There are 2 protein chains.
Amino acid sequence: VSLLEAVPNLSEGRDASRVRELAATLSGEPGVRLLDVSSDPDHHRSVLTAIGEPAPLVDGLYALIRAAAAAIDLRHHAGAHPRVGAVDVVPFVPLGGAAMGDAVEAAHRLGRSVGDRLEIPVFLYGEATPGPERRVPADLRRLGLAGMAAALEAGELRPDYGPSRLHATAGAVLIGARTFLVAFNVWLRSADLRVARAVARAIRERDGGLPGVQALGLFLESRSRAQVSVNLLRPDQTSLHAVVERIASEARARGVEIDRGEIVGLVPESVVLRAAAEALRLPELTPSRILEWHLRAAPEK
Amino acid sequence: VSLLEAVPNLSEGRDASRVRELAATLSGEPGVRLLDVSSDPDHHRSVLTAIGEPAPLVDGLYALIRAAAAAIDLRHHAGAHPRVGAVDVVPFVPLGGAAMGDAVEAAHRLGRSVGDRLEIPVFLYGEATPGPERRVPADLRRLGLAGMAAALEAGELRPDYGPSRLHATAGAVLIGARTFLVAFNVWLRSADLRVARAVARAIRERDGGLPGVQALGLFLESRSRAQVSVNLLRPDQTSLHAVVERIASEARARGVEIDRGEIVGLVPESVVLRAAAEALRLPELTPSRILEWHLRAAPEK
């Protein structure tokens, strides 16, 4: 079987019962397994992690986007995390048995349904980008909803599916295909948003930082804390440990200690193992050193 | 099924083909799975990790001890790691489905066979100690072979099984039952054995250090390096990360940096996960955050 993971990000992180209702439209699809829901009230965002074969996963995500368009009105939305859609972004990730081509195909199939039937403009990104240039969600979000509306109006921006105007309540949706990434937030012992922004700038690839790192400095109103929110796109190139250490040293250089971090969604085992090997200076800490790996892997004799 | 792990330590770490031959006497027993062999030429010691149900595991270990008594002559043995037997120590650890009582029973059954049929004195330790005081291998090894021979002669020490004199070539064997421990070595960027000994003293429980930590300072002749050799007996009480950080700080206080460490045998996944959570300051890094954990655990729907 060809298994895909999908990590839809919902623009609702405060009303837990609404998140549960929306998540149920995805998990209610036979063949879809919802593995995790990470909600953040300050981001006003929930990250859902689901797996399934391509067909049921696309059907479940269609149901989720339709329900979110009815339940969420972006015109009355204010969260620390930037967004352009009620369901802001839907990445497909190939898991066991699947190739990137399967993820790209799923992105196109979902995009076509959402654009044609729900009349929400769809922008494809990552490996699913139609043109030669790989589109990045952050670049589209940086336009903001008003900027995106204007660019669509002026014909400077064209959706890959759906109408050339934003949906009244649901905005747009970014649908993509990519390899696994690690999403995590690091809390600073400070309420100074400028420090979080400076640290984010120092570590992110776009501004000359670490390879495969995307980062934003955010302020968490309910907790009066500044936060560095990170996507680590290529954890085999830049390790999770290296990113955390760099955040700590960049913050320290600005007189701020880091408090603790939080994982958003799920992490592959290999990423954790590599981080532990580095932090413990135990380079041989590979899967073959893990007891359970043998218990699972070794055939009975 | 009731599964036990056994981690016999062989007093041979230099002759790889002899280690292979001896290991084959254990893995050749149907129902025994040999998961790992970690040999160290300076310690002149090999640590074997095997699992199986109690009966075949005891039979395989009996074959190993018999073969080692014929192949290894302790009178011509010089290794950095202290030892009292050709097979120096055999701990049994309860795994899935097994209770500590199963491990204790296996220790007794193996001890009786080895004592009666191979005429090697057997000392039971850990949870398998017959009396109220839990015996510790390090206390017996500290006697040395000569000291042990004298104590047996004088009647100050009595084996739990077998004769009251050492076996001519194989010495004695320590057989025990315990929970999982993590064995690892940390190499110092120094050849100064005194530093390794001072660090070992500072971190081990016996001398007022960290709970559940046993440590020795050793000198690795072939590599001209000092090493701190550690057993972490209760990794849920003192984390692997805490021990490594403490070794680094104790060494640094003596002007020495640590190089890298090495795991001996296998480590449970939970120990690695906890170390990563601490090192990365991601306290929520629990099994439910690991993608593969869900892929394995969640039932298909």
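Some points to look at:
- With respect to the stated conditions, residue A:234 is in contact (Cβ under 8 Å) with a residue 24 or more places away in the chain and more than 25 Å from residue A:34 (Cβ to Cβ).
- Flag for residue A:30 being assigned to a loop (DSSP other than H, G, I, E, B), within 12 Å of another protein chain (Cβ to nearest Cβ) and not hydroxyl-bearing (Ser, Thr, Tyr): yes
- Residue list for the range B:212-230, filter: open to solvent by 50 Å² or more (accessible area, probe 1.4 Å), free of Cβ contacts under 8 Å to residues at least 60 places away in the same chain and on the phi < 0 side of the Ramachandran plot: B:225
- Residues in the range A:1-27 that are touching a residue at least 60 places away in the same chain (Cβ under 8 Å), assigned to a loop (DSSP other than H, G, I, E, B) and either closer than 19 Å to residue A:178 by Cβ or out of contact with any Pro (no Cβ under 6 Å at 6 or more places or on another chain) (or both): A:1, A:2, A:3, A:7, A:8, A:11, A:12.
- Residue in the range A:281-288 that is more than 18 Å from the chain's Cα centre (by Cα), in contact (Cβ under 8 Å) with a residue 24 or more places away in the chain and surrounded by fewer than 16 Cβ atoms within 10 Å (Cβ to Cβ) present: no
- Residue match in the range B:280-298 (condition: more than 8 Å from chain A (Cβ to nearest Cβ) and either touching a Gly at 6+ places or on another chain (Cβ under 8 Å) or over 30 Å from residue A:187 (Cα atoms) (or both)): yes
- Residues that are over 17 Å from residue B:95 (Cα atoms), touching a residue at least 12 places away in the same chain (Cβ under 8 Å), within 14 Å of another protein chain (Cβ to nearest Cβ) and open to solvent by 30 Å² or more (accessible area, probe 1.4 Å) do occur in the range B:34-48.
- Residues in the range A:33-55 that are part of a loop (DSSP other than H, G, I, E, B) and over 17 Å from residue A:5 (Cα atoms): A:41, A:42, A:43, A:44.
- Extreme residue, nearest to residue A:189 (Cα to Cα), among residues of the range B:262-279 that are touching a residue at least 60 places away in the same chain (Cβ under 8 Å) and among the hydrophobic types (A, V, I, L, M, F, W, C): B:271
- Condition check for residue B:182: within 13 Å of chain A (Cβ to nearest Cβ), in contact (Cβ under 8 Å) with a residue 12 or more places away in the chain and closer than 22 Å to residue B:45 by Cα: yes
- Condition check for residue B:12: touching a helix residue (DSSP H, G or I) at 6+ places or on another chain (Cβ under 7 Å), away from every other protein chain (no Cβ under 14 Å) and among the charged types (D, E, K, R): yes
- All conditions in (1) modelled with pLDDT of 95 or more; (2) open to solvent by 30 Å² or more (accessible area, probe 1.4 Å); (3) away from chain B (no Cβ under 14 Å) hold for residue A:73, with the sole exception of (1).
- Taking the range A:1-33 as the range and being open to solvent by 40 Å² or more (accessible area, probe 1.4 Å) and within 21 Å of residue A:186 (Cα to Cα) as the test, only A:14 passes.
- Flag for residue B:269 being closer than 30 Å to residue A:97 by Cβ, at the interface with chain A (Cβ under 7 Å from one of its Cβ atoms) and open to solvent by 70 Å² or more (accessible area, probe 1.4 Å): no
- Qualifying residue in the range B:123-134 (condition: of a type in the set (Phe, Trp, Tyr), open to solvent by less than 50 Å² (accessible area, probe 1.4 Å) and closer than 29 Å to residue B:268 by Cβ): yes
- Residue within the range A:244-261 that is at the interface with chain B (Cβ under 10 Å from one of its Cβ atoms), in contact with a Phe, Trp or Tyr (Cβ under 8 Å, 6 or more places away or on another chain), in a helix (DSSP H, G or I) and under 28 Å from residue B:184 (Cβ atoms) present: no
- Count of the range A:249-266 residues which are surrounded by 17 or more Cβ atoms within 10 Å (Cβ to Cβ) and farther than 24 Å from residue B:292 by Cα: 4
- Considering (1) more than 8 Å from chain B (Cβ to nearest Cβ); (2) surrounded by fewer than 16 Cβ atoms within 10 Å (Cβ to Cβ); (3) over 27 Å from residue A:42 (Cα atoms), the lone condition that residue A:274 does not fulfil carries the number (2).
- The residues in the range B:87-132 that are within 13 Å of residue B:61 (Cβ to Cβ) and part of a loop (DSSP other than H, G, I, E, B) can be counted, and the count is 1.
- Residue that is farthest from residue A:235 (Cα to Cα) [pool: residues in the range A:198-221 that are out of contact with any Gly (no Cβ under 9 Å at 6 or more places or on another chain) and aliphatic (A, V, I, L, M)]: A:220
- When the range B:171-210 is filtered for residues that are part of a loop (DSSP other than H, G, I, E, B) and under 17 Å from the mean Cα position of the chain (by Cα), the ones remaining, listed by number, are B:172, B:178, B:179, B:180, B:181, B:204.
The values are calculated or read from the model by the stated rules, or taken from the named source; none is laboratory data. For clarity, every value in this text was computed on a predicted model and none was experimentally measured. FYI the Cβ positions are ideal-geometry reconstructions off the backbone, even for glycines, and counts take in every protein chain you see. Just so you know, the surface numbers come from the protein's heavy atoms only, side chains and all, with ligands and any DNA or RNA stripped out. Shrake-Rupley method; radii C 1.70, N 1.55, O 1.52, S 1.80 Å.
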